[in-house]
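Take a look at the structure set out below.
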Amino acid sequence: MLTFNQNGIYCAQADVYIDPWKPVDNAIITHAHSDHARWGMKKYLAHIHAAPVMRYRLGQDINVQTVDYNQPITINGVQISLHPAGHIWGSAQVRLEYKGEIWVVSGDYKLGEDGISVPFEPIRCHHFITESTFGLPVYNFPDPATVHHDINDWWRKNREEGKNSVILGYALGKAQRIHKHLDPSIGNIYTHGAVDNVNKLYEAAIEPLPYARRIDSSINPKDIKGDIIIAPPSAENTPWLRKLQPYKLGICSGWMQLRGTRRRRGADRGFVLSDHADWGQLNTAIKQTGAEHIYVTHGYKSVYAKWLQDAYGLNATEVETLYTGEQLDEPETTGGEDAGI
Amino acid sequence: MRAFSELFTRIDQTTSTNEKIDALADYFEHADPKDAIWCVALLTGKTPKRTIKSGELRDWCAEVSGTPVWLLEESYHVVGDLAETISLLLKGSDGETSHALHEVINSLVALENKTDEQRKAYITGMWRQLGRQELFVFNKLITGGFRMGVSDKITIKALAKRYSIDENIVAHRLTGNWQANETVLDSLMSATDDAADISRPYPFYLAYALETAPEELGDVKDWQIERKMDGIRGQIIVRDHQLFVWSRGEDLLTEKFIEFEPLAKLLPSGTVIDGEIIPAKDENFLPFHVMQTRIGRKNVTKKSLMEAPLVMVCYDLLEHDGVDIRHLSLMQRRELLVQLIETVKEKEANIPLWLSPVLICQNWEEVAEQRLKSREYNCEGLMLKRKDSEYKTGRRRGDWWKWKVDPLSIDGVLIYGQRGHGRRADLYTDFTFAVWDGDELVPFAKAYSGLTDKELLEVDRWIKKHTTDKFGPVRSVTPELVFEIGFEGINASSRHKSGVALRFPRILRWRKDKPAKEANTKADLMDILRVYGGLYDVS
Ligand SMILES: [Zn+2]
Ligand SMILES: [Zn+2]
């Protein structure tokens, strides 16, 4: 029912694309990260919580229809519904059913609770399209609760040494997740403007976050002492950041699992906190779908597809060049979310 | 081993030099003395003998973790470090262990004479007990190369802090022949046993490349100008009528350099000379590679002794009449050095010690002219040393500078990219370059340094998008990008398809202005070879 063409993942029966990367008429968007929600579609369909971010990023005038999870709509006989992907708030898997055949496009996903998004919901299907960002057995992420605990400990220790704590995480999703689990009794929380903009959307759509101040011209950097600052990765090595000295730098990303990456990024601390499934989660998710046909997209495509064939006897194929971010290609330059940041 | 892996974590979790020093100094103070000395040994590259092969580790890890070998290999390519890959695949236990670092190292060394079953049982048994961070440390002990982001300088500073002694003294005490399982840190760092090791060299004083125009160094008369020889930096030591020849890499090479044997009798006991060991014949220096071939061999043949007799070009005198004179000024040391060599030459005219000539220059223009003549003398450039400088430890700015000649260069086309290692394991950072031979591209150099981090990322992305073929960690790419490759020397080589072997090739810049077809040709390389090439074939 679905095919892969030069524009993206296409359903001919419903004449609709999922996360297309070229301008098309009808697009269903799994989530609002920039490599999945792109500019130029005539009509968008997305989850109610993804739409505000899409409007903020792609323009208030985009034509976007919203639906909630598990609220099916039918287009030319194809029943289409969105289901929680647990990746970021408002992220969805897209389920398409036509004449008894079920496909699920999972977009990006992870298993388990993160405190800000509705947890991943396993859906039985025949064809499952999965990401493989962390599709190698060396990626075994620690329990997020421990990581949040470590972040607070780190903040406390830096504060004792009279230093600020700057923590870098992708502005959409990761930043709210970090923010929500900070312990405000330690000190003040500050946000970079790019993070604050998304936080405001989150608070309007979902719930308030712990009190934080946006760093703008009204704030004297000298008044920030022993506090924590949440900033996007693009803030690294900028004059903006230098004003916050003395500080310690922490980066939150699944890539921080590897020592080489940690050291290459020059951070004091790398916190292994990811919005993507690790090796174990990918395998669990795929088994739970019961799908026979697996299409592996961005990440360690070929390796992971081979593993699915060898270990589980699945009909797994890699799908070429769906999304731009391959591995660690662009974390420094664009902070693309497939860099897991 | 828990304290040691906690130390490792502490160091790994900071980029601040001072915090690393503090963590080390703490460890040296509180750790079991037998562990502390091993920590110093590991950090300064004195790794224990390796008793387990990489292949064994891979097989056992695949079995224990239930990972197919091909998947383990793929993971290793991404992680870039086998010890880390294994630690991540095994996950580690939650239990606590109480193995001391030195006991673990001794057990590992003892595996050499054990049966395969015993070796496997020990390693996999440890794997099951250790937590993740300890696992990594344990695997690093097996595979070697344990640096943990700590330079020799940091280790020295931490020891200086812990024992409240001068860094130069620490550095000196760390050199030489000590064995971690035969001493403890306290005695290595205490002055009393200084006499114990008569072979011990002094830490070398190294120069940085000149960073400014030479005029900014002030009056040329305050500087001693010498040629920078292209050989092996070394120290000749005579103590107790015994001779020791050390290289800068801290290898004891006395046996390989038999030309120096007579010096044991000719030089007074208590003499340490710093200089450059270099092949020379009939008053002329020969190219470096002539000596390289000889060092590679087990036995020195008569033929090589005839073809490439070695001399030391003496730069400096560090110990005189058994007294450490590094604190004297260069002028004073030079005077003593000149006297020493003249006295010895009176006894025996034909000794393999040559004084490094001091170039007389009235102004910096004359210095610059001398520098341009470097290649005629088979030299790399000039050394500028402040006349009142003492002999310091390690690489320092200020008093000594090297002013090298600009490297030779040629424009090559990028044809292969290979994944880097360690820090750069996820990037394509090792490149192979080719020149044109008619319509064909002939590889002539591999280089991995010289680009900025930003350029590296850009090239890495480009490689991933322009791959034509993959084999293992290597990708061949469409021949489009041109880079200027610099090198220090060139020799004919029948082993290389291009017919030449380059010395120290590196990337000078990315020629974004040049299309691939305008890169240099094999004929251009041959022209350079004719002008600058060595006299011998290194193949
Ligand atoms: Zn995403
Ligand atoms: Zn994605």
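The values are calculated or read from the model by the stated rules, or taken from the named source; none is laboratory data. Because the structure is a prediction, the values reported are computed rather than measured. Here Cβ is always computed from backbone atoms with ideal geometry, including for glycine, and neighbour counts include all displayed protein chains. Side chains included, ligands, DNA and RNA excluded: accessible areas come from the protein's heavy atoms. Shrake-Rupley method; radii C 1.70, N 1.55, O 1.52, S 1.80 Å.
At-a-glance table
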| read-out | value |
| --- | --- |
| List of the range B:3-27 residues, accessible area with partners at least 30 Å² below that of the chain alone (1.4 Å probe) | B:Asp12, B:Gln13, B:Thr15, B:Glu19 |
| Å³ per residue enclosed by the Cα convex hull of chain B | 182 Å³ |
| 1.4 Å probe, heavy atoms, protein only - residues of the range B:56-90 losing at least 20 Å² accessible area vs chain alone | B:Trp70, B:Leu71, B:Glu74, B:Ser75, B:Val78, B:Val79, B:Glu84, B:Leu88, B:Leu89 |
| Complex-versus-alone comparison for the range B:435-478, residues with a loss of 40 Å² or more in accessible area, probe 1.4 Å | B:Leu457, B:Arg461, B:Lys464 |
| Peptides ranked, highest mean first, by Cβ atoms within 10 Å: ranges B:345-357, B:165-177, A:125-137, B:93-105 | A:125-137, B:165-177, B:93-105, B:345-357 |
| Kyte-Doolittle mean at least -1.0, axial Cα span of 24 Å or more - DSSP H helices of chain B | B:330-347 |
| In degrees, nearest ten, helix A:301-312 long axis to first principal axis of chain A (Cα) | 60 degrees |
| FRET E, pair B:Ile258, B:Lys465, Förster distance 45 Å, beta-carbon r, rounded to 0.05 | 0.20 |
| Charged-residue dipole, Cβ positions (Lys, Arg, Asp, Glu), the protein assembly as shown about Cα centre, Debye nearest 20 | 260 debye |
| Largest to smallest principal axis extent of the C-alpha atoms in the range B:408-532, angstrom | 40, 29, 28 |
| For chain B, calculated [θ]222 nm from helices alone, where every DSSP H run of n ≥ 4 adds -39500 (n - 2.57) | -11000 deg cm²/dmol |
| Solvent-accessible heavy-atom area per residue, rounded to whole Å², over the range B:205-404 at 1.4 Å | 48 Å² |
| Student exercise, chain B dipole from Lys, Arg, Asp, Glu Cβ charges, in Debye to nearest 20 | 980 debye |
| Two-site label geometry, B:Ala368 and B:Glu348: point separation in nm, points 7 Å out along Cα→Cβ | 4.5 nm |
| Directionally averaged shadow of chain A, computed from the convex hull of its alpha-carbon atoms, nm² | 16.4 nm² |
| B:Lys402-A:Lys22 FRET efficiency (beta carbon distance; Förster radius 45 Å; 0.05 resolution) | 0.20 |
| Dipole of the protein assembly as shown, positive end: most advanced residue of A:Ala85, B:Leu263, B:Met126 [Cβ charges, Cα centre] | A:Ala85 |
| DSSP beta bridge pairing in the protein assembly as shown, given as percent antiparallel to the nearest 5 | 65 percent |
| Within straight-line cross-link reach of B:Lys512, lysines at Cα separation under 24 Å, skipping those fewer than 8 residues along the same chain | B:Lys446, B:Lys454, B:Lys464, B:Lys465, B:Lys522 |
| Within the accessible area of the protein assembly as shown (1.4 Å probe), percent carbon and sulfur | 49 percent |
| Dmax and Rg, reported as Rg then Dmax, of the range B:2-143 (C-alpha, Å) | 15.4, 45 |
| Rounded tilt (10° steps) of A:279-289 against the dominant C-alpha axis of chain A | 30 degrees |
| Dipole magnitude (debye, nearest 20) for chain A, charges at Cβ of Lys, Arg, Asp, Glu | 880 debye |
| Virtual paramagnetic centre 7 Å along Cα→Cβ of A:Tyr56, amide N under 19 Å, in the range A:212-235 | A:212-217, A:229-235 |
| Cβ-Cβ FRET estimate between A:Ala12 and A:Asp310, R0 fixed at 35 Å, reported to 0.05 | 0.60 |
| Residue-normalised accessible area of the range B:408-532, given per residue in Å² at a 1.4 Å probe | 47 Å² |
| Extreme residue, positive dipole direction of chain A, given options A:Ala204, A:Pro184, A:Asn140 (C-beta unit charges) | A:Pro184 |
| Selected from B:Asn378, B:Thr212, B:Pro479, residue furthest toward positive end of dipole (chain B; charges at beta carbon) | B:Pro479 |
| Whole-Hz ³J(HN,Hα) from phi, Karplus 6.51 cos²θ - 1.76 cosθ + 1.60, for the range A:237-244, glycine and proline x | 6, 10, x, 4, 6, 4, 5, 8 |
| Segments A:192-199, A:295-302, A:212-219 sorted - mean Cβ within 10 Å per residue, highest first | A:295-302, A:192-199, A:212-219 |
